[in-house]
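Report on the following structure.
Just so it is clear, none of the values below were taken in a lab; they were calculated from the coordinates. All of these numbers come straight from a predicted model, not from anything done at the bench. Positions of Cβ are generated from backbone atoms using ideal geometry, with glycine treated the same way; all protein chains shown enter the neighbour counts.
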Amino acid sequence: MVVPRENVLSMLEGTFLISPNDCLINNYKERMIYLKKNSNSSIQSVVATGIGAAIIFVLMKFVAIPTGIPNTQVNVAEGFLPLLAAIYGPIVAGLAVFIGHGLNDFVTYGSPWWTWVVVDGLVGAAFGLFKNQLDIQNGSLTKAKLIWFNIYQIIVNLIGWVLLAPTGDILVYHEPANKVYLQGVTTWLVNSVSVAIIGTILLVLYARTRTKRGSLKKED
């Protein structure tokens, strides 16, 4: 016995309680929701980059403590950077500190010191790569995560300020090696301490404002 095609489709639709048109509509709705989320995320990233850059500029310009070594300071801005990176990730953090640092150099010295500006951007991006491990948006920040992050940030700062920045100064600006490596080591130490203290405090305070995943239960 041969069952007509129309009857087969009717039987399938009746079995799954959904029609081909319903499938198309649902797919369209899902795509629109996905595109809307992506659009909102992009707008948030642009706004966060601008606000982050402005905050970093202000902190670098007005809240910096000289170390006694030429052109090196204890920057509160570096302590703010982990929070920005933990919330928005590597692109926003990297661009924000790149723009903020470059703008501060331009206003303060007349032109950016590009080797350090670029390295600061790379450090910010590297911090952002730890975003998923911290998982701060879900309020699941733990002591172990903070310890691992601080080990990570010390290594990142070491690579950035002791290796990349001084070497860049020698290659690009032909600066004396003893001068720039002293500046690099000093910056590594003060930035690592700034992140370990200020950054950790900001991360903990922000995490306390977030609801831990799975902590909400449906009330009867």
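Judged by the mean number of other Cβ atoms found within 10 Å, the most tightly packed of the peptides 200-209, 91-100 leads the ranking 91-100, 200-209. Under 5 Å from the amide H of residue 74 lie the amide H atoms of 65, 67, each residue being 5 or more positions distant or on a separate chain, with H modelled from the backbone and absent for Pro and chain starts. Between the residues 160, 142, 104, the greatest Cα displacement towards the positive end of the dipole of the range 20-208, with unit charges on the Cβ of Lys, Arg, Asp and Glu, is found for 142.
Ordering 175-183, 61-69 by mean Cβ neighbour count within 10 Å, with the highest value first, yields 175-183, 61-69.
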